[in-house]
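Worksheet for the structure shown next.
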């Protein structure tokens, strides 16, 4: 008998991604609409002879607290102090209710795990996983205009790809990327963009917290996972980029962005336009001719199970993501949205003048290692 999706994801997360050991504490923090997913994690943790703790954020209680003038509820630092493994199934499901909050309060609600929580997590050497499947809700599907079941199935399948497989794909790509300096991206849609990469500064995201950020205090892995992020030298982006995949922003006035076009010279954004839904980008505050270094990185997707899923599209195998950096606002108490991603599927990528990718697939050439 086939496993239900909740069980499949719980097993892959706790065993494959977090490596939970017998007797180890496992904290499952979930919003009330994700309770079925949370139960599956509790059962699986017990099957592994671990010690699960379920922390539930009741969605209705959360909004009632805010309505009565209380502070924005966040995750207790004591949970992070337990150590071991940590699973977060985010919310709320009725996220349009957050629209009534100011930007700062909404950012705190979505960040959820603040400074005290992170300090406790580092001290206890916590390793955590955030599950995107908790955000696959009927409300979000209606807002994006897509089929809920199709979306959920793709995210589930992508979340259970073994980290060893993702790491293998990353290692294959990095044999060439690790030595690269200049990247040129071309596509028949008019994209021709040149970037200077920062050697040795790449980030591999393969579903394992510490490996993902190359730091001893790294905490989170996001599931599904599977990408390489390559930082770009400020002032190096020159040329044009035109997205051929939608950009989804559940918080945007128009939640689906289509046809983003950007022109750069020496790292400065010269102009930009969208066919539809550019509010998520313009809300970040870029101004043509005034934003040096807005391109922070370019990413390469590695996950073979992603195709059309919103919000994780840049994980798809061979898909490129142009990442626009977002500076922290002075005096802000919450972490800002870290970047805006514009996605491109297909085309060609050259590294230091030699063809590397064609239509998302590596071109093997002698002496390059792929």
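The values are calculated or read from the model by the stated rules, or taken from the named source; none is laboratory data. Note that the structure is predicted; figures quoted are calculated from it, not measured. Cβ: placed from backbone, ideal geometry, glycine included. Neighbour counts: every protein chain shown.
Odds and ends about this structure:
- Yes/no for residue 312 being within 20 Å of the chain's Cα centre (by Cα) and more than 28 Å from residue 207 (Cβ to Cβ): no
- Scanning the range 98-108 for residues that are out of contact with any helix residue (DSSP H, G or I) (no Cβ under 6 Å at 6 or more places or on another chain) and either in a helix (DSSP H, G or I) or in the same structural domain as residue 253 (by TED's automatic domain parsing) (or both) gives 99, 100, 103, 104, 105, 107, 108.
- Filtering the range 77-84 for residues that are surrounded by 18 or more Cβ atoms within 10 Å (Cβ to Cβ), assigned to a helix (DSSP H, G or I) and out of contact with any helix residue (DSSP H, G or I) (no Cβ under 8 Å at 6 or more places or on another chain) leaves an empty set.
- Checked against (1) without any contact (Cβ under 8 Å) to a residue 40 or more places away in the chain; (2) within 15 Å of residue 126 (Cα to Cα), residue 86 passes all but condition (1).
- Only a single criterion out of (1) assigned to a strand (DSSP E or B); (2) surrounded by fewer than 18 Cβ atoms within 10 Å (Cβ to Cβ) is not satisfied by residue 199, namely (1).
- Top-ranked residue in the range 117-155 [being touching a residue at least 40 places away in the same chain (Cβ under 8 Å) and in a loop (DSSP other than H, G, I, E, B); ranked as surrounded by the fewest Cβ atoms within 10 Å (Cβ to Cβ)]: 145
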